[in-house]
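Reading through the structure tokens given below for one structure.
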Amino acid sequence: MYKIDKIQKEKQRISTITRVISAIIYIILIPMIIFNFTLIIKSFINPNKTPDFFGYKSFVIMSGSMEPTILKGDAIFVKEVLEEEIKVNDIISFETTQNHTNVTHRVVEITTENGVKKYTTKGDNNNTEDKEKITYEQIEGIYQFKINQFGIVINILKSKITLVLLIVVIVIISCYKGRIEKKKEKRREKRKKYENDK
């Protein structure tokens, strides 16, 4: 009797642990799928525009031009703002017209040329200002926060392959849970039949 009770308690403990792990996996994976899917759909609709997630855009820092404020490999998040909200000393992400790459530097001067605002930028770790003065249309957003050395994860999350893999994992977990529940149901039916036959 003692052994049976012990086995049942162990089964209950394993079942509880399995449910907790499954819940944690779903809590992590589902937001990742939503994030990934949103970015992919937006990049498909507007291929020439950096996709955002509720107004926030993420970029991976590829150089040390903003050290020590922002380090190479950091993931940064910027937010789209109105033109009048951009001030000197703000850190902004923008697209260059020369090679169409995204750069994150600090605004050091704002001037007006022929009625158009121009922003002079500079990396904190650079000795000189950027050659190109940028316009508001080039600006992706103002820097909000960063996650240290999270760039690799962000790049993985943005991948279409990641979306497929996440969906596959969810399907596998769901199928596995379904099989477990079916086995439990069969055991319950057998037990019920055995008790009725006694």
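The values are calculated or read from the model by the stated rules, or taken from the named source; none is laboratory data. All of these numbers come straight from a predicted model, not from anything done at the bench. Note that each Cβ is placed from the backbone with ideal geometry, even for glycine, and that neighbours are counted across all protein chains shown.
Quick notes
- Within segment 52-73, the set of residues being within 22 Å of residue 34 (Cα to Cα), of a type outside the set (Phe, Trp, Tyr) and either in contact with a His (Cβ under 9 Å, 6 or more places away or on another chain) or surrounded by 17 or more Cβ atoms within 10 Å (Cβ to Cβ) (or both) comprises 52, 57, 58, 60.
- Residue in segment 156-165 that is in a helix (DSSP H, G or I), among the basic types (Lys, Arg) and under 16 Å from the mean Cα position of the chain (by Cα) present: yes
- Test set (1) in a strand (DSSP E or B); (2) of a type outside the set (Phe, Trp, Tyr); (3) touching a residue at least 60 places away in the same chain (Cβ under 8 Å) - residue 149 fails condition number: (1)
- All of 135, 104, 97, 111 fail the test of being over 22 Å from residue 58 (Cα atoms), polar (S, T, N, Q) and in the same structural domain as residue 152 (by TED's automatic domain parsing), apart from 111.
- When residues of segment 84-114 are limited to those that are exposed (fewer than 13 other Cβ atoms within 10 Å of the Cβ) and under 25 Å from residue 39 (Cβ atoms), the one nearest to the chain's Cα centre (by Cα): 101
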